[in-house]
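Colleague: Let me give you the structure first, and then I'll get to my questions.
Values quoted throughout were computed directly from the atomic coordinates according to the rules given, and no laboratory measurement underlies them. Small disclaimer: the values here were computed from a predicted structure and weren't measured. So basically every Cβ, Gly included, is an ideal-geometry build from the backbone, and we count neighbours across all protein chains shown.
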Amino acid sequence: MPSDPADRAHVVIRPPLLLLLCLLAGLGLHAAFPLPLVPAALAAPVGAALLAASLALFVWAVRTMLAVGEKLPTHEPTHQIVRAGPYGWTRNPIYLSFCGLLLGIAVWVNAIAVLAATVVCCLVLNKGVIEREEHYLESKFGPAYTTYKNAVRRWL
């Protein structure tokens, strides 16, 4: 049975697509204007650490969602408020991991342009995705979501 098209967040862009577009834009700008971000000796180790931490957070968040039976795509209905795992300390661990992945890549390839794309990605996630998801969740779950929202930070 198809899901109710009204029962979703109506985000402006699918977050994985936003991540990909920002990464490609940042790498393209870096190819045209290669400005370094950090001292060369720090790029690989710091970038790798950021990538590893972000990937670990992503895997933990996805596993947590799947373990409670929730779907990940933003165009699917949400059936419950997930408070377990990383959702106990950030309401958006997957989006946080996306921004961390872009930041890790920016440092690894030593590119100010990718850092700029990371900022754009975070801003679009915040305004065009998270705020819309929060409105959807508040209207669907009412005080239960408001209580969760007041107890757990949006980002960190």
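Colleague: Helix-only mean residue ellipticity at 222 nm, the chain, DSSP H runs n ≥ 4 weighted -39,500 (n - 2.57), per residue, nearest 500. What is it?
Modeller: On the way: 6 runs with 95 residues, N = 156.
Result for the chain: -20000 deg cm²/dmol, rounded to the nearest 500.
Colleague: Quick check: the angle from helix 131-141's long axis to the longest principal axis of the chain, C-alpha only, nearest 10 degrees?
Modeller: Roughly 20 degrees between the two axes.
Colleague: What is the helix-to-structure angle for 112-124, meaning the angle in degrees between its Cα long axis and the longest Cα principal axis of the chain, kept from 0 to 90 and rounded to the nearest 10?
Modeller: For helix 112-124, the angle is close to 10 degrees.
Colleague: For THR74, THR147, what's the fewest-to-most ordering of other Cβ within 10 Å of each Cβ?
Modeller: Numbers: THR74 18, THR147 12.
With the fewest neighbours first, THR74, THR147 line up as THR147, THR74.
Colleague: Can you return the lysines within cross-link range of LYS71? Criterion is Cα-Cα under 18 Å, with same-chain partners fewer than 8 residues away left out.
Modeller: LYS140
Colleague: Between LEU17 and THR146, with labels modelled 7 Å along Cα→Cβ, what's the label distance in nm to one decimal, could you check?
Modeller: Placing both labels 7 Å beyond Cα along the Cβ direction yields 3.4 nm.
Colleague: Of the peptides 106-113, 59-66, how do they stack up when ordered by the mean number of other Cβ atoms within 10 Å, highest first? Walk me through the intermediate numbers first.
Modeller: On the way: 106-113: 21.6, 59-66: 15.9.
Top of the packing list down: 106-113, 59-66.
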